[in-house]
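Novice: Right, I'll just put the structure down here and ask away after.
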Amino acid sequence: MNTLFGLPVALDALIRVLIIVSVMTVVVMGLIYVERKVLARFQQRLGPTRTGPMGLLQSVADALKLVAKEDVRPTNADPWVFELAPFLVFVPTFLGFVVVPFALAWSVRDLDLGLFYILAVSSVNIVGWVMAGWASDNRYAMLGALRAVAQSISYELPLVMAMIAVAMVADSLNISEIVRGQAMVPNIVWQPLPFLMFFICMLAEMNRPPFDIPVGESEVVGGPYVEYSGIRWSMFFLAEYASMFIMALLGAAVFLGGSAWPFGEQLGLPWQILLTVAKAGLIIFVVIWTRASFPRLRIDQLMSFSWKLLLPVSFAQIMVNGLILVYDLPYGMSHTLLAVCSAAGVLFVASAINRSVTSPRPRPLLIPRSEAAR
Amino acid sequence: MKGILKSMATTLSTFARKPVTREYPETHKELPERDRAFPVLLWDKEAHEPFCTGCHACERACPVECMTVLMKDNPAHKSVGGESGRRKIIDKFWIDYGRCMRCNICVEVCNFDAITMNNTWEGHEKSVYDRADLVQDLPMLLSEHRSGELKPWVNE
Amino acid sequence: MTNALQPSEFEVQDIMINMGPQHPATHGVFRMVLQVDGEIVKDLIPHIGYMHRGAEKLSETMDFRQGIGFMDRTEYLAQFNAELGYVMAVEKLMDIEVPERAQWIRMILCELNRLSSHFMFTGAFGTDAGVFGTSFTYAFRWREEILDLFEEITGDRLMYAYFRPGGLAWEVTDNFEARVRQVLELSKQGIKDIDGLVTNNEIFKARTQGVGVLTKEQAIDWGTTGPVLRASGVQMDIRRDEPYLFYDQVEFDIPIGQNGDVYDRWCLRMEEMRQSVRIVEQCLTKLQPGPIQPERMPRMLRTPPGEVYIRTEAPRGEFGIYMVSKGGNRPHRLKVRSSCFANLQSLRDMSIGQYVADAVLALGSMDIVLCEVDR
Ligand code: SF4
Ligand code: SF4
């Protein structure tokens with residue numbers, strides 16, 4: 001294992017983690033600014049403009065405000081659980097950055113089971129959510145936390161399944177390997193269905209619209225963190241955006257070819273990082289775009305969407321992948337088959353969504369005024 | 001799926017449009033001529049005195065009773081050697097802007113066209129820290145027209 | 001010896017959730033106590049009265065001109081419609097003939113007001129459904145054009161106080177017609193935007209179809225009016241059944257829903273907006289120059305003794321004014337028949353057995369204005 005400047009492994013890890021945490025906190029704050037700006041444009045607004053040039057310092061101002069704010073704890077709250085919950089959301093989320101490959105072989109640790117690791121740690125934060133919801137002694141928080149658990153469990157499965165499907169095609173669980181394997185063609189071409197599922201599940205995991213049911217503003221007014229304020233609340237907030245960034249990076253690496261596609265492995269390091277981040281930015285843009293466009297689903301629809309549609313389809317995808325890959329077909333043929341089957345899956349999902357709502361129903365009548373009354 | 005894509009297309013089309021909000025304190029919206037802010041008194045520029053004769057008509061007609069009018073004999077009336085045709089004139093006038101509901105009734109009932117609704121304010125000009133400061137006295141009410149800030153519509 | 005584990009200790013309890021008066025989805029200061037079993041609403045107790053300002057009682061101390069301003073504040077999203085009810089009641093008591101031009105202008109303003117009110121509905125309802133702010137900004141962006149027009153005419157953006165017994169307070173601006181046409185064009189674009197954003201979205205359909213259903217019988221029993229009633233399939237529109245102003249001289253369609261659910265109410269309002277545009281376009285062609293006040297208007301408004309009830313079709317339903325006069329210059333008794341108040345009664349029927357999120361949508365689909373409910 002090669003460490004920075006030949007330092008001892010532990011020290012090296014510490015330095016890398018420190019770099020990641022500090023740099024990523026800043027990046028995530030930038031992300032908050034970007035989201036606000038982009039969302040504003042979707043809504044024909046200007047977004048933040050008052051703090052710094054073009055409102056660039058908005059996140060800094062927000063952070064300062066949040067830090068300076070009083071940290072309120074409700075009287076009836078369970079003190080320990082209440083205070084610990086934000087950390088349990090924050091830490092696991094940032095753990096995800098450990099394996100994210102910003103460039104080829106340029107992550108904190110290049111784990112062989114990187115894909116599993118990232119999926120595993122990214123779902124630990126649900127414990128923090130439940131703790132927050134339970135400890136706040138608030139019914140909205142409780143309702144929100146329970147919704148969050150239900151949602152997280154339901155969408156964890158299709159997410160993992162989608163990832164397994166890609167891993168089968170890429171023949172590795174090491175994210176760097178997966179990236180390297182896409183030097184010619186990104187995985188999204190071979191596996192559009194898992195990408196679609198990954199995208200949907202990612203939205204659900206991050207509680208982004210249309211799956212923002214646990215935090216639904218108009219229903220449970222912020223859900224688990226309704227009672228939090230100040231620095232603790234900002235930790236939830238940072239974690240949310242950090243997980244968005246991690247998921248987008250993961251999607252960029254696993255599906256969009258990360259730093260390898262389309263320029264191959266010879267690209268300079270800064271360009272590789274830029275390429276990865278640009279691809280992640282594309283995903284984030286679409287995430288913000290969906291946020292601006294969609295209403296929220298209801299909890300039962302959310303569950304049935306996962307259990308009745310996504311999960312079976314993801315199983316089917318894995319089986320199809322297995323069937324195709326088990327016969328040692330020539331590369332082009334097997335992958336074309338994969339792509340065709342997966343695209344058919346996408347069409348199936350789309351038509352299933354269509355069919356679920358377009359039951360025949362009478363349309364409103366238009367009665368002209370002059371027509372006789374009654 | 002079609003509807004979902006349609007939604008996304010709609011938001012994308014607005015993404016490409018120019019934002020409609022303004023940088024507020026720097027760029028203001030042009031106020032229409034008939035903009036109705038708070039009542040102010042008018043100043044008779046020929047006679048160098050207010051039009052108001054203190055007749056109490058507006059005070060009585062105000063739905064929220066936010067005006068206080070005191071009348072006096074005009075010291076500049078012809079009978080006492082002045083030039084003015086007004087026998088009575090306003091002595092003290094208070095309007096509590098904190099209570100005024102900007103209904104325009106005082107303007108309509110005034111027989112002397114002595115009061116009007118300001119049309120150059122956006123509203124924030126009168127923000128104060130203490131409600132008592134919202135009570136305007138006679139010089140304050142007159143200053144707006146004396147300095148010639150009002151736009152035409154209200155002068156008619 | 002008693003058993004420590006009494007059965008009662010295992011009793012499963014429904015929890016009560018107190019929604020409002022400060023809650024983003026309650027459109028002001030409405031409070032509902034939900035008894036929920038998990039996510040299912042078992043019972044719903046609405047509490048109103050947080051906005052009660054005694055507008056009706058207050059109006060008894062106000063003469064007929066002063067009362068107009070209070071009507072604006074009763075219905076702050078459909079101010080012209082509310083003013084119209086009041087001045088029509090006074091006119092009927094005093095037996096005043098209103099000049100034609102004033103009537104047409106009133107009609108244009110009322111219909112534009114309906115447009116702006118429905119825009120507001122689409123924004124607020126979209127937010128209830130979870131479109132993060134986009135529907136709101138869309139709606140406000142187009143509503144703004146209408147408000148700008150109103151401001152140019154009346155001088156105020158919200159509390160117009162423009163109608164007077166007998167006609168209008170003052171003449172409209174010179175470029176009135178051109179401006180109205182311009183606003184109509186913009187509104188059409190706005191309707192298209194909002195329609196494209198929400199109406200056909202599968203998620204929105206899934207959320208609203210079959211939710212908050214009110215059957216025909218229930219809708220009639222609760223005395224609902226306006227879009228809520230029409231969505232349940234009842235053909236009732238006061239503009240058609242008892243035409244006031246010149247509604248009998250313009251052609252428009254009345255949309256009637258067939259399912260009585262939240263989605264129908266949404267579609268109905270979208271259609272009503274299109275019809276409003278149509279009505280205003282017809283009004284503009286019939287607008288003639290002329291007086292806006294009767295020739296001999298008394299300076300002091302005094303009515304003979306009597307009582308009247310005026311029904312108008314406000315954006316939210318029947319807006320009625322019941323006015324008793326014992327002679328003199330102020331009403332002896334004024335009662336506002338609030339459309340929202342009656343519509344709100346049906347909330348419990350709509351919500352029971354549904355999810356918490358559906359109760360929010362059912363409330364939103366009624367487009368309540370709490371000021372009008374509590375008065
Ligand atoms: S505008 Fe109306 S409320 Fe204000 S002072 Fe005049 S009469 Fe009174
Ligand atoms: S403003 Fe007009 S109505 Fe009021 S006291 Fe003066 S003259 Fe009379």
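Novice: Kindly indicate which of A:132, A:170, A:141, A:148 is within 19 Å of the chain's Cα centre (by Cα) and of a type in the set (A, V, I, L, M, F, W, C). Write out each step before concluding.
Specialist: Working: A:132 fails: within 19 Å of the chain's Cα centre (by Cα); A:170 fails: within 19 Å of the chain's Cα centre (by Cα); A:141 fails: within 19 Å of the chain's Cα centre (by Cα).
Unique residue meeting the criteria: A:148.
Novice: Residue pairs, Cβ under 6 Å, 6 or more apart or interchain, first in the stretch B:82-109 and in a loop (DSSP other than H, G, I, E, B), second within 10 Å of ligand 2 (Cβ to nearest atom). List them.
Specialist: Listed by first residue and then by second, the contacts come to B:86/B:53.
Novice: Anything in the stretch B:59-105 that is near ligand 1 (Cβ under 10 Å from one of its atoms), open to solvent by 20 Å² or more (accessible area, probe 1.4 Å) and among the aromatic types (Phe, Trp, Tyr)? List them, or say none.
Specialist: none
Novice: Shifting gears a bit: Taking only the stretch C:316-331 into account, find how many residues are of a type outside the set (A, V, I, L, M, F, W, C) and at pLDDT 90 or above. Before the answer, list the steps.
Specialist: Our first condition is that a residue be of a type outside the set (A, V, I, L, M, F, W, C); within the stretch C:316-331, this holds for C:316-318, C:320, C:322, C:325-331.
Keeping just the survivors that are at pLDDT 90 or above gives C:322.
Number of matching residues: 1.
Novice: Sticking with this structure for a sec: Considering only residues that are open to solvent by 10 Å² or more (accessible area, probe 1.4 Å) and touching a residue at least 24 places away in the same chain (Cβ under 8 Å), look in the stretch C:219-228 and name the one that is farthest from the other protein chains (Cβ to nearest Cβ).
Specialist: Kept after step one, since they are open to solvent by 10 Å² or more (accessible area, probe 1.4 Å), are these residues of the stretch C:219-228: C:220-223.
Next, only the ones that are touching a residue at least 24 places away in the same chain (Cβ under 8 Å) stay: C:222-223.
Values: C:222: 20, C:223: 18 Å.
Here the answer is C:222.
Novice: Any residue that is at pLDDT 85 or above, closer than 30 Å to residue A:216 by Cα, out of contact with any strand residue (DSSP E or B) (no Cβ under 6 Å at 6 or more places or on another chain) and of a type in the set (Val, Ile, Thr) - is there at least one of those in the stretch C:179-187?
Specialist: no
Novice: Pick from A:121, A:108: which is part of a helix (DSSP H, G or I) and either touching a helix residue (DSSP H, G or I) at 6+ places or on another chain (Cβ under 6 Å) or buried (at least 20 other Cβ atoms within 10 Å of the Cβ) (or both)?
Specialist: Values: A:108 fails: part of a helix (DSSP H, G or I).
None of the other options fit; the residue is A:121.
Novice: Anything in the stretch C:241-272 that is open to solvent by 20 Å² or more (accessible area, probe 1.4 Å) and assigned to a helix (DSSP H, G or I)? List them, or say none.
Specialist: Of everything in the stretch C:241-272, those that are open to solvent by 20 Å² or more (accessible area, probe 1.4 Å) and assigned to a helix (DSSP H, G or I) turn out to be C:241, C:248, C:249, C:267, C:271.
Novice: Give me the residue from the stretch B:111-145 that is open to solvent by less than 20 Å² (accessible area, probe 1.4 Å) and assigned to a loop (DSSP other than H, G, I, E, B) and, out of that set, nearest to residue B:34 (Cα to Cα).
Specialist: Applying the filter and picking the extreme gives B:119.
Novice: Taking interchain pairs and intrachain pairs at least six residues apart, which have beta carbon atoms under 9 angstrom, with the first residue in the stretch A:303-330 and under 19 Å from residue A:211 (Cα atoms) and the second hydroxyl-bearing (Ser, Thr, Tyr) and at pLDDT 85 or above?
Specialist: As it stands, the answer is A:303/A:154; A:305/A:154; A:306/A:154; A:306/A:155; A:307/A:154; A:310/A:154; A:310/A:155; A:311/A:154, since those pairs meet every condition given.
Novice: I need the full set of residues from the stretch A:134-173 which are outside any helix (DSSP H, G or I) and crowded, with 21+ Cβ neighbours inside 10 Å, in order please. Before you say what the answer is, go through the steps one by one.
Specialist: The first filter runs over the stretch A:134-173 and keeps only residues outside any helix (DSSP H, G or I), leaving A:136-138, A:171-173.
Of everything in the stretch A:134-173, those that are outside any helix (DSSP H, G or I) and crowded, with 21+ Cβ neighbours inside 10 Å turn out to be A:136, A:138.
Novice: Next question, about the same structure. Looking only at the stretch B:87-132, filter to residues that are within 14 Å of chain C (Cβ to nearest Cβ) and of a type in the set (Ser, Thr, Tyr); which one of those is farthest from ligand 2 (Cβ to nearest atom)?
Specialist: Among those residues, the one meeting the criterion is B:120.
Novice: Here is a check on your reading of the model: is residue B:41 surrounded by fewer than 18 Cβ atoms within 10 Å (Cβ to Cβ) and within 10 Å of ligand 2 (Cβ to nearest atom)? Reasoning before the result, please.
Specialist: On the way: surrounded by fewer than 18 Cβ atoms within 10 Å (Cβ to Cβ): no; within 10 Å of ligand 2 (Cβ to nearest atom): yes.
No; evaluated as a whole, the condition is false for this residue.
Novice: Among the residues of the stretch C:265-296, how many are at the interface with chain A (Cβ under 10 Å from one of its Cβ atoms) and either over 17 Å from the mean Cα position of the chain (by Cα) or of a type in the set (S, T, N, Q) (or both)?
Specialist: Looking only at that region, the number is 2.
Novice: Out of the residues in the stretch A:188-228 that are out of contact with any Leu (no Cβ under 8 Å at 6 or more places or on another chain) and farther than 24 Å from residue A:293 by Cα, state the one that is least open to solvent (accessible area, probe 1.4 Å).
Specialist: Once the filter is applied, the top-ranked residue is A:224.
Novice: Please enumerate the residues belonging to the stretch B:66-86 that are away from chain C (no Cβ under 14 Å), within 14 Å of ligand 2 (Cβ to nearest atom) and modelled with pLDDT of 80 or more.
Specialist: B:68, B:69, B:70, B:71, B:72
Novice: Inspect the stretch C:165-186 for any residue being within 30 Å of residue B:5 (Cβ to Cβ) and at the interface with another protein chain (Cβ under 9 Å from one of its Cβ atoms) and give the result as yes or no. Lay out the reasoning, then the answer.
Specialist: Of all residues in the stretch C:165-186, those within 30 Å of residue B:5 (Cβ to Cβ) come to C:184-186.
With the extra rule that they be at the interface with another protein chain (Cβ under 9 Å from one of its Cβ atoms), the set shrinks to none.
For the stretch C:165-186, residues within 30 Å of residue B:5 (Cβ to Cβ) and at the interface with another protein chain (Cβ under 9 Å from one of its Cβ atoms): absent.
Novice: State all residues of the stretch A:241-269 that are more than 24 Å from residue A:192 (Cα to Cα) and modelled with pLDDT of 85 or more; if no residue qualifies, say none.
Specialist: Within the stretch A:241-269, A:241, A:242 meet the criteria.
The values are calculated or read from the model by the stated rules, or taken from the named source; none is laboratory data. As the structure is a computational prediction, the values presented were derived from the model and not from experiment. Cβ atoms come from the backbone with ideal geometry, glycine included; neighbour counts cover every protein chain shown. We work out accessible area using only protein heavy atoms, side chains counted, and drop any ligands, DNA or RNA first. Shrake-Rupley method; radii C 1.70, N 1.55, O 1.52, S 1.80 Å.
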